[in-house]
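Below: the structure, in structure tokens.
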Amino acid sequence: PKPSDELSRFLDSGIYELHNSNAVFIDPVRVLNRSYTRFRVSPSTYYSRFFEYEHPAQESNPSSNPKKRKRKSKKKDRSLNEKEQAAEKRHQEAVPLLLKAHESLLGAADFPAIMSKIRSVFCSSAELSGGEEHSFIELGKVWQAPLYDITLDFKSSLLENETDNGENRINERRVLPIFHNLVVNDKPEDVEAEFLKRHYILPRLSCFYMSDLGQIRNIVPAASESGFNLIVIDPPWENGSARQKSVYPTLPNRYFLSLPIKQLTHTGGALVALWVTNREKLRNFVEKELFPAWGVRYISTLYWLKVKGDGSLISDLGLFHHRPYECLLLGYCNGNEMDSGCLSEFMPIKDKRIIISIPGGYSRKPPIGELLLEHVPGVKSARCIELFAREMLGGWVSWGNEPLHFQDLRYFETV
Ligand code: SAM
């Protein structure tokens, strides 16, 4: 196909396949916006960190920060211990692939057009504003938590030859407990919701269950044929360095061993996608303890390569503690009605696929669900769930202690 066809496909889908490499570029804002009808995710609030296009000279160059340079050179002075060597080996295996993927992005005929499209919407959209957000983590802990309600204001669909001045629309209002309860938007349109005087936008056909890990068993379906075929998990891993303070509470690794992955799995099986950090200790834990405890068979690794608004990597590939990429480990969990052999018969996953995007806010992951769909076992329209979610997606169930975080109206604009 001509580059222009690919470009227009990208403008619709937010996904751009890069040729000559196992990589794809995505614009998370465009991908997310396919879940919305009346609202749009605002690009400037999404790309709050790595789109300092206006001031390229100020972009932080890690080696120009004296503190960091000191740390880095300290590392170089002593030889690597066993774990660091193993991590370095993994890293060195990935480097050529990541470089090749990055090259194919920079070399793509549509690259300048893609970046300028992203830039144009970024520059035209408003800055983050609108008062202080609620801390769902804190509110969920207080004794009144079970008493808090969220109000969903559904607007009936527009009839033909009606204009959208709001008056012709018949509203339906639902008031539901916001914590420890499955809150569902079963309409094909996004819905505005209110909670303690703040507004939230719930994408079409989406739902959330907001609770602490202690209540996660409540989302296990009563019958496994209503289980999930795609389970994306981004756990609050401890980062091991006291220097790096997290914006959310973290949990020790052993807490994740008891996640009911098997019980969440659909009768027809599930693809499990787990975000991990680049720490060797964690990778060992996942491979040797966590996946086996969940009954998940490891299949392949997917890399998320992070670029800035100008397409350059967010940090040097050689930096030990600040890699410009993260890994998503993929594995299969068998459903009750499957024998272990049947999974290998379909949907081979390409190993070491690379997804390139401009990162959003701290530790926000790109929406990779759609790219995984072709590898999902079981029923045709896959049932999808995200664990430890901070946002919602059309067609998905979001569970975590703050799945409404990025649904705050401040992250949206009206169309
Ligand atoms: N994938 C998310 C995104 O792209 O924005 C980021 C998830 S973040 C790594 C982990 C999430 O787990 C945070 O929202 C954190 O508040 C939540 N979390 C931490 N402790 C939890 C607990 N005990 N129960 C439920 N969620 C918890």
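The values are calculated or read from the model by the stated rules, or taken from the named source; none is laboratory data. All figures in this text were calculated on a predicted structure; none of them were measured in a lab. We place every Cβ from the backbone using ideal geometry, glycine too, and count neighbours over all the protein chains shown. Please note that ligands, DNA and RNA were not included when accessible areas were found on the heavy atoms of the full protein model with its side chains. Shrake-Rupley method; radii C 1.70, N 1.55, O 1.52, S 1.80 Å.
Sticking with the crude label model, points 7 Å out along Cα→Cβ, report the distance from L80 to V95 in nm, one decimal please.
0.9 nm
How much length is gained on full extension from L7 to E194, taking 0.36 nm per residue of separation minus their Cα-Cα distance? The partial results should precede the final answer.
Numbers: separation 187, 0.36 × 187 = 67.32 nm, distance 3.77 nm.
Taking 0.36 nm per residue and subtracting the Cα distance, the gain is 63.5 nm.
Give me the 1.4 Å probe accessible area per residue for the range 350-415, excluding ligands and nucleic acids, in Å².
Accessible area per residue, the range 350-415: 34 Å².
Going by average Cβ neighbours within 10 Å, how do the peptides 260-266, 403-409 rank, with the highest at the top?
403-409, 260-266
Report ³J(HN,Hα) in whole Hz for each residue of the range 182-188, in order, from the Karplus equation J = 6.51 cos²θ - 1.76 cosθ + 1.60 where θ = phi - 60°; Gly and Pro get x.
Values per residue, Gly and Pro as x: 7, 9, 10, 9, 8, 9, x Hz.
Roll a 1.4 Å probe over the protein chains and send me the accessible area per residue for the range 206-281 in Å².
Per residue, the range 206-281 has an accessible area of 42 Å².
Using 17 Å as the cut-off for backbone N distance, which residues of the range 264-307 belong to the label zone defined by a point 7 Å from the Cα of Y248 along Cα→Cβ?
Once the point is set 7 Å along Cα→Cβ of Y248, 273-278 turn out to lie under 17 Å by backbone N, inside the range 264-307.
Starting from the 7 Å offset along Cα-to-Cβ, what nm value, one decimal, do you get for the label separation of L257 and E132?
3.9 nm
Just to be sure I understand the model, the point goes 7 Å from the Cα along the line to the Cβ. What's the resulting E225 to Q144 distance in nm?
It works out to 4.4 nm between the two label points.
Please report how far the C-alpha centroid of the range 205-220 lies from that of the range 268-295, rounded to the nearest whole angstrom.
Going from one Cα centre to the other spans 21 Å.
Once phi is turned into θ = phi - 60°, what whole-Hz ³J(HN,Hα) does the Karplus curve with 6.51, -1.76 and 1.60 give for every residue of the range 388-403, x standing for Gly and Pro?
6, 6, 10, 8, 10, 9, x, x, 10, 9, 10, 10, x, 8, 8, x
Using a simple charge model, +1 on the beta-carbon of Lys and Arg, -1 on the beta-carbon of Asp and Glu, nothing else, what dipole does the range 345-397 show about its Cα centre, in debye to the nearest 20?
Dipole magnitude for the range 345-397 comes out near 140 debye.
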